[in-house]
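Undergrad: I have a structure here, written as C-alpha cells, and I will follow up with some questions on it.
The values are calculated or read from the model by the stated rules, or taken from the named source; none is laboratory data. Just so you know, these numbers come straight off a predicted model, no measurement behind them. Cβ coordinates were reconstructed from backbone atoms using ideal geometry, including for glycine residues, and neighbour counts include every protein chain displayed.
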Amino acid sequence: MPAPETFRSAFRAALPVLLATLAAALVLDLYWFHGSTEDVEVRGHSAIRWMVDRWNGSGGDLTHGWLIPFVTGFLVWRRRRELARAAGKPDWRALGLIAAALGLYLLGVRVQQTRLVLGSLLLLIWGTPYLLFGAVVARLLVFPCAYLAFCIPLSFLDSLTFPLRLMASHAATVMLNGLGIAAINQGTAIRSTAGVGFNLEVADPCSGLRSLLAMAAVTALYAYLSQRTTVRQWLLFAACVPLAVCGNIIRILSVAIVAHVAGQDRATGYYHDYSSFVFFATAIVLMMGLGSLLNRQWFGKGSP
C-alpha cells in the first residue's frame, strides 16, 4: 500500500519545519519572557531587551552590537548555495548540544548571569540547524554563529581600563619626545615642558577599551574573509589587541600634537570628539598590512 509510504515521506519533509517552529517558540519563551533576572523592574525578564539596552547605553561603547546580526545574516547569505547543497537529514547527535545549551541557560538564570543565558542562545542557534540539516551544515555555520558572540555586552572588561590608560599615556609621551616635543608622563597624564604647552589627562573613555571590542569584531570578520587557512585567521584575530592599542596610542599622540600646535582647547574640543577616526584608520591599515603579510607564500612551490 502506497499510503503509509506517502505519509512517511510527507512527515520527513515537514519535520524540519516542525522542529524549526518548536525551536523558535522555545527561544521566544526562554529568552524573551524568562531569560533575565537582572533589573527586572526596569527591563522585565527579557534577556534580549537586557542586551539591547546595553547596546544603547555604555556611552556608545557597544553600539557595534546593532551591526553584528546583519553581518551574520550576510555571512549566511554568502554561503547560501553551499548550505543548500550540504543540507542533509536531521542529525540527532545535536540533541546533546541543545541539552548543553539548555543547561547553560538554567545555570545563567540561577546565578543571575544574563551573559551566560545569551551564551546558551548562541549554542541553541548553532545547534538547531545542526539538528535539522546535519553536521556539514553545522560546520559551515560555525563562524557566523560564533560571530554573534560580539553582540553580548562584555562590560566586565572595565577592569582593564586603568592599565590601558597607563600604557597609552607612557607610549605617547615617549613618541612625543622622539618627535622633539618635550613632555613628561605622570601616571595617566601627559604634560608639556615647553612654554605654555599642554596638560592632557588620558581618562577612562580614552583608554582604548571602548574601541577594542569593535576592533575585535572588525578583525575577526576580516580574518575570516581574507585569510586562507584557519591558523592564519586565528593569528590575525589574536592581533586585534595590539592593533587596538597601537591605534589608541596614535590617536592620543595626535591629540597631543594638535594641542602643541593649535592649543589645548582646540585639541580637547572638536578634534578630540572626532579623533576616533584616527584610531580606526591606524588600526585598520595595520590590520590589512598584517593580513597581507600572513597571506604571502613564504616558501616557493613545492617547499615544505
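Undergrad: Determine whether segment 84-91 contains at least one residue that is buried (at least 17 other Cβ atoms within 10 Å of the Cβ), modelled with pLDDT under 90 and farther than 18 Å from residue 49 by Cα.
TA: Checked segment 84-91: at least one residue is buried (at least 17 other Cβ atoms within 10 Å of the Cβ), modelled with pLDDT under 90 and farther than 18 Å from residue 49 by Cα.
Undergrad: Does residue 80 count as under 21 Å from the mean Cα position of the chain (by Cα) and basic (Lys, Arg)?
TA: No.
Undergrad: Further question: Just one of (1) more than 21 Å from the chain's Cα centre (by Cα); (2) farther than 30 Å from residue 31 by Cα; (3) surrounded by 20 or more Cβ atoms within 10 Å (Cβ to Cβ); (4) modelled with pLDDT under 90 trips up residue 164, so point out which.
TA: All conditions are met except number (1).
Undergrad: I've got another one for you. Go through segment 64-96 and give me each residue that's closer than 18 Å to residue 148 by Cβ, of a type outside the set (A, V, I, L, M, F, W, C) and in contact (Cβ under 8 Å) with a residue 24 or more places away in the chain.
TA: Across segment 64-96, the qualifying residues are 64, 65, 69, 72, 79.
Undergrad: If you don't mind, another one. Keeping to segment 105-162, report how many residues are touching a Ser or Thr at 6+ places or on another chain (Cβ under 7 Å), of a type in the set (A, V, I, L, M, F, W, C) and under 12 Å from residue 47 (Cα atoms).
TA: Selection size over segment 105-162: 2.
Undergrad: Out of the residues in segment 219-266 that are charged (D, E, K, R) and touching a residue at least 24 places away in the same chain (Cβ under 8 Å), which is surrounded by the most Cβ atoms within 10 Å (Cβ to Cβ)?
TA: That would be 251.
Undergrad: Of the conditions (1) out of contact with any Pro (no Cβ under 8 Å at 6 or more places or on another chain); (2) within 16 Å of residue 31 (Cα to Cα), residue 151 satisfies every one except a single condition; which number is it?
TA: Among (1) out of contact with any Pro (no Cβ under 8 Å at 6 or more places or on another chain); (2) within 16 Å of residue 31 (Cα to Cα), residue 151 violates only (1).
Undergrad: Which of the following residues is modelled with pLDDT under 90, part of a helix (DSSP H, G or I), surrounded by fewer than 17 Cβ atoms within 10 Å (Cβ to Cβ) and touching a Lys or Arg at 6+ places or on another chain (Cβ under 7 Å): 29, 53?
TA: Exactly one residue qualifies, and that residue is 53.
Undergrad: Would you confirm whether any residue within segment 123-137 is in the same structural domain as residue 31 (by TED's automatic domain parsing), more than 27 Å from residue 224 (Cα to Cα), in contact with an Asp or Glu (Cβ under 7 Å, 6 or more places away or on another chain) and not β-branched (Val, Ile, Thr)?
TA: no
Undergrad: Right, here's the next one. Looking only at segment 56-92, how many residues end up being assigned to a loop (DSSP other than H, G, I, E, B) and of a type in the set (Gly, Ala, Ser)?
TA: Number satisfying all stated conditions: 3.
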